[in-house]
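I have placed the structure first, in the form of structure tokens, so that the comments after it can refer back to it.
The values are calculated or read from the model by the stated rules, or taken from the named source; none is laboratory data. Only a predicted model underlies this, so the values are computations on that prediction, with no experimental measurement involved. So basically every Cβ, Gly included, is an ideal-geometry build from the backbone, and we count neighbours across all protein chains shown. Heads up: the accessible areas ignore ligands, DNA and RNA and are worked out on the full protein's heavy atoms, side chains in. Shrake-Rupley method; radii C 1.70, N 1.55, O 1.52, S 1.80 Å.
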Amino acid sequence: MLNKIMQSPLYALLISTGIILLSFLVLTPLDTSQIMDALNYELDILTYCCYAFALGIMISHLSVFQTKREKIHLALFFFIYTFAILREMGIQHWLAKTLGTTATTAFKLRFFSSPDNPLSAKIISGLILLSVIASLLYLLIFYAPKLTKGFFKYQTLSWTTATLAGVGIAGKIVDRLPSNLKKADIQINESIISLMKVFEESSEMCLPLICAIWFIQFSHIKSSKK
């Protein structure tokens, strides 16, 4: 019964929605300062735990990736996954400091456009970003046609992948929304900003878990074809 539920195309979406709603239920009764403290400590720790937990699950299902192409794609995925973990831990800030710049992050456009940052620092940061983007684009171009067809056919892996993309994009949009509105001279109440942060942080917590769900579903599909 549990396996059948986990193979549902909507499983990842329901789990993600549940985590986000639970985060709101736990944090919204707090005042703004308490919410921000929780986001900067408790939710950060939970996110790291989710990445570690998901990594363990994914490693336990490595044996189902048997063809040469599957193994190459798996290596690219883990490269992106490792970058995501390091970014969550603040590698962009550490890198900017280590490279001898005055910038606070090494992965934003203003870092590359600023004349104050050394060329060598821009090259190193650029190579890291380009390698991640190239890996992501390769996988996207390769799988996009299959995933698009699978989505309209209500296939499990396609819907789980769509959930991963949707949650990730939604989190980023909400993350950037306050600063973009501020640039447009639109003021937002601090309590609303804190709620946006709750959504953004809880959606980030969902991402590694969705990846783990994808691996479990892929493993089950491969096993059922034997």
Qualifying positions in the stretch 69-124 - charged (D, E, K, R) and not in a helix (DSSP H, G or I): LYS108, ASP116
Show the residue pairs meeting these rules: Cβ distance below 7 Å; 6+ apart or different chains; first residue within the stretch 148-170 and outside any helix (DSSP H, G or I); second residue open to solvent by less than 40 Å² (accessible area, probe 1.4 Å). TYR154/PRO9; GLN155/PRO9
Listed by first then second residue, the pairs whose first member lies in the stretch 105-119 and is free of Cβ contacts under 8 Å to residues at least 24 places away in the same chain, whose partner is basic (Lys, Arg) and surrounded by fewer than 18 Cβ atoms within 10 Å (Cβ to Cβ), with beta carbons under 8 Å and at least 6 positions apart or on separate chains, are PHE107/ARG87; PHE111/LYS122; PHE112/LYS122
Here are some residues: SER8, SER16. Which one is modelled with pLDDT of 90 or more, part of a loop (DSSP other than H, G, I, E, B) and open to solvent by less than 70 Å² (accessible area, probe 1.4 Å)? SER8
How about the stretch 91-112: which of its residues are among the basic types (Lys, Arg) and within 15 Å of GLY126 (Cβ to Cβ)? LYS108, ARG110
Which of the numbered conditions does ASP185 fail, given that it passes all the others? Conditions: (1) of a type outside the set (Val, Ile, Thr); (2) surrounded by 18 or more Cβ atoms within 10 Å (Cβ to Cβ); (3) at positive phi. (2)
Considering every residue within the stretch 22-43, establish whether at least one is open to solvent by less than 40 Å² (accessible area, probe 1.4 Å), more than 30 Å from SER191 (Cβ to Cβ) and in contact (Cβ under 8 Å) with a residue 60 or more places away in the chain. no
Criterion first (touching a residue at least 12 places away in the same chain (Cβ under 8 Å), β-branched (Val, Ile, Thr) and buried (at least 17 other Cβ atoms within 10 Å of the Cβ)) does THR101 satisfy it? yes
What is the one condition in (1) touching a Leu at 6+ places or on another chain (Cβ under 6 Å); (2) at pLDDT 90 or above that TYR81 does not satisfy? (1)
